[in-house]
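**Q** First the structure, then my questions, so here it is.
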Amino acid sequence: MALLSKKDTSLILDPLADNNPITIQVLGICSALAITAELKASIVMAISVLFVMGLGNVVIALMRNVIPSKIRIIVQLIVVASLVIIVDQVLKAFAYELSKTLSVFVGLIITNCIIMGRFEAFALGNGPYRSFLDGVGNAAGYGVILIIVGFFRELLGSGTLLGIPVLGDPIAKTGLYSIGYENNGFMLLSPMALIVVGIIIWVQRSRNRALIEEN
Amino acid sequence: MLEHIELFFKSIFIDNMVFATFLGMCSYLAVSKKVTTAVGLGAAVIFVLAVTVPLNWLLDQYLLQDGALAWLGPEYADYNLSFLSFILFIATIATMVQLVEIVVEKFSPALYNSLGIFLPLIAVNCAILGGSLFMQSREIATLGLAFNYGLASGIGWFLAILAIAAIREKIRYSNVPPPLRGLGITFIITGLMAIGFMSFGGMLTGGGSEDNVTDAKVAKEEEKKEPAKEEELEENAVSFNQAINK
């Protein structure tokens, strides 16, 4: 027997494209945009969300039969908050500089709508294993968009990837800069994140016209 | 008094929750299809922020900060509970939102019906938790300033959602390319509005003159509060303005 049945595979793969949490479900945009000026920060954020969502979904799925439905939001918040505290402490201990860059946005994983949305929509009604797959899939879909946005913003904005110059040296005028290329500093400012995501949505929807909205 | 006015305008325009830090984007995108619902949600956000930020300020000052427990006695003076701040802040917020929901349901059933599912979602609105976390990381000094900060941030969020809702009502009559309809065009409009709001960046720096006294003060404060990123933003905004002026 295969490790993943066909249904389980679609749990992981659907959120990557046609049911992407950011571009289709419109969830989790809050923390997604502000930290994407650098690729490294985007990757760390994606991994943190993957950890919180995978584990959080399992915990909620295990407790789903004992949570009274009236106070479920508070229970969910407490579970996420505890997991986020772990992430925050680990980041502070092992990657202090990065945790300064991410500043309050690590804490804002708690109110990331993807997490609450998946708890409500999936983990409360499914077993722990499938919930885990669903959590990993959605977090990966979120991470993919984050990494795409981070890639373009860092490449066009500062000419580096993960801090390594890839387009040559802007001061010594080597590489691309020798023919008059300039970094677009505007890409580093927050409004460009919105516009880059807008363009990603545009590309995705023109490739798959079933996703087009009425208005 | 001056610092109150400065913080007030800074929180509404320069550090606008939606355009500068992207807080509360989920409800901002989901509830902005009609102006009336947008106004209702915006008012709820102003109220909840104005209540929770001062409350969380008190928690932070007398419970969580390094050495905050000194009022219990000298043996508690070196406790640092700040790692608990996420969980305590979110608990305060969830309780307050529940309270607001009960009050709104009692006094304004029409508003309650139109907000529907989104009222409980204020609890998980990043703007609310973000307000408290920024209050903590910017080291707001007094309770009055914390209230001011919460209120002004709420007003900034309200303005943003009101503006986008009005634009979206009008854009229904325009011929947008099909793949951009709905979400895509909203993202791009928000981006353009954010660029517009960046021009407020020069407001407190005296139009970018480097030797200005307030400029130096603001720059110093920025350095203290939010290390690299915020400062870079401000600086870029100023140089952008200069470029336009030229």
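Each row is one residue, and each column tells you yes or no for (1) within 10 Å of chain B (Cβ to nearest Cβ); (2) touching a helix residue (DSSP H, G or I) at 6+ places or on another chain (Cβ under 9 Å); (3) acidic (Asp, Glu); (4) part of a helix (DSSP H, G or I).
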{"residue": "A:ALA61", "(1), (2), (3), (4)": "no, yes, no, yes"}
{"residue": "A:ILE71", "(1), (2), (3), (4)": "yes, no, no, yes"}
{"residue": "A:LEU77", "(1), (2), (3), (4)": "yes, yes, no, yes"}
{"residue": "A:LEU98", "(1), (2), (3), (4)": "no, yes, no, yes"}
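**Q** Among what's in region B:46-79 and is outside any helix (DSSP H, G or I) and out of contact with any helix residue (DSSP H, G or I) (no Cβ under 8 Å at 6 or more places or on another chain), pick the residue that is most open to solvent (accessible area, probe 1.4 Å). Break it down into steps so the answer makes sense when it comes.
**A** We begin by selecting, within region B:46-79, every residue outside any helix (DSSP H, G or I); these are B:65-67, B:73, B:77-79.
Filter once more, keeping what is out of contact with any helix residue (DSSP H, G or I) (no Cβ under 8 Å at 6 or more places or on another chain): B:67, B:73, B:78.
Numbers: B:GLY67: 27, B:GLY73: 13, B:ASP78: 125 Å².
Once the filter is applied, the top-ranked residue is B:ASP78.
**Q** A further question follows. Quick check, is A:LEU33 open to solvent by less than 50 Å² (accessible area, probe 1.4 Å), closer than 20 Å to A:ILE195 by Cβ and either away from chain B (no Cβ under 14 Å) or touching a strand residue (DSSP E or B) at 6+ places or on another chain (Cβ under 9 Å) (or both)? Working first, answer last.
**A** Values: open to solvent by less than 50 Å² (accessible area, probe 1.4 Å): yes; closer than 20 Å to A:ILE195 by Cβ: yes; either away from chain B (no Cβ under 14 Å) or touching a strand residue (DSSP E or B) at 6+ places or on another chain (Cβ under 9 Å) (or both): no.
In short, no.
**Q** Hey, another quick one. Tell me which residues, restricted to region A:72-84, are surrounded by fewer than 21 Cβ atoms within 10 Å (Cβ to Cβ) and in contact with a Ser or Thr (Cβ under 9 Å, 6 or more places away or on another chain).
**A** Matches in region A:72-84: A:ILE74 only.
**Q** Also, I was wondering about something else. Which of the numbered conditions does B:THR52 fail, given that it passes all the others? Conditions: (1) modelled with pLDDT under 85; (2) within 13 Å of chain A (Cβ to nearest Cβ); (3) within 30 Å of B:ALA166 (Cα to Cα).
**A** Every listed condition holds for B:THR52 apart from (1).
**Q** Another question, if that's okay. From the residues in region B:15-32 that are more than 9 Å from chain A (Cβ to nearest Cβ) and touching a Gly at 6+ places or on another chain (Cβ under 6 Å), which one is surrounded by the fewest Cβ atoms within 10 Å (Cβ to Cβ)? Outline the logic, then answer.
**A** As a first pass, look at region B:15-32 and keep what is more than 9 Å from chain A (Cβ to nearest Cβ): B:15-18, B:31-32.
Remaining after also requiring touching a Gly at 6+ places or on another chain (Cβ under 6 Å): B:16-17.
Working: B:ASN16: 24, B:MET17: 32.
Selected residue: B:ASN16.
**Q** Can you find a residue in region B:64-73 that is within 11 Å of chain A (Cβ to nearest Cβ) and without any contact (Cβ under 8 Å) to a residue 12 or more places away in the chain? Walk me through it before giving the result.
**A** Initial filter on region B:64-73 (within 11 Å of chain A (Cβ to nearest Cβ)): none.
Checked region B:64-73: no residue is within 11 Å of chain A (Cβ to nearest Cβ) and without any contact (Cβ under 8 Å) to a residue 12 or more places away in the chain.
One line per residue, one yes/no per condition, for (1) under 26 Å from A:ILE22 (Cα atoms); (2) among the hydrophobic types (A, V, I, L, M, F, W, C):
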site: B:ASP15; (1), (2): yes, no
site: B:LEU23; (1), (2): yes, yes
site: B:ALA30; (1), (2): yes, yes
site: B:LYS33; (1), (2): yes, no
site: B:VAL39; (1), (2): yes, yes
site: B:ASN56; (1), (2): no, no
site: B:ALA77; (1), (2): no, yes
site: B:LEU88; (1), (2): no, yes
site: B:THR95; (1), (2): no, no
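**Q** May I ask you to list the residues in region B:92-111 that are among the small types (Gly, Ala, Ser) and surrounded by 19 or more Cβ atoms within 10 Å (Cβ to Cβ)? Reasoning before the result, please.
**A** Residues of region B:92-111 that are among the small types (Gly, Ala, Ser), as a first pass: B:94, B:108, B:110.
B:ALA94 - this is the single residue of region B:92-111 that is among the small types (Gly, Ala, Ser) and surrounded by 19 or more Cβ atoms within 10 Å (Cβ to Cβ).
**Q** Next question. Among the residues of region A:112-162, how many are touching a residue at least 12 places away in the same chain (Cβ under 8 Å) and not in a helix (DSSP H, G or I)?
**A** 7
**Q** Right, next: I want to confirm something. Restricting to region A:109-136 and keeping residues that are of a type outside the set (A, V, I, L, M, F, W, C) and under 23 Å from A:LEU91 (Cα atoms), which single residue is nearest to the other protein chains (Cβ to nearest Cβ)? First the steps, then the outcome.
**A** Taking region A:109-136 as the starting set, the residues that turn out to be of a type outside the set (A, V, I, L, M, F, W, C) are A:111-112, A:117-118, A:120, A:125-131, A:134-135.
Now narrow it down to the ones that are under 23 Å from A:LEU91 (Cα atoms): A:111-112, A:135.
Details: A:THR111: 4, A:ASN112: 7, A:GLY135: 17 Å.
Checked region A:109-136; the qualifying residue nearest to the other protein chains (Cβ to nearest Cβ) is A:THR111.
**Q** Taking the conditions exactly as written (of a type in the set (A, V, I, L, M), open to solvent by less than 70 Å² (accessible area, probe 1.4 Å), at negative phi and outside any helix (DSSP H, G or I)), does A:ILE24 satisfy them or not?
**A** Yes: the conditions hold for A:ILE24.
The values are calculated or read from the model by the stated rules, or taken from the named source; none is laboratory data. The model shown is predicted, which means the values in this text are computed figures rather than measured ones. Positions of Cβ are generated from backbone atoms using ideal geometry, with glycine treated the same way; all protein chains shown enter the neighbour counts. For the accessible areas, the whole protein counts, side chains as well, though only heavy atoms, and no ligand, DNA or RNA atoms are used. Shrake-Rupley method; radii C 1.70, N 1.55, O 1.52, S 1.80 Å.
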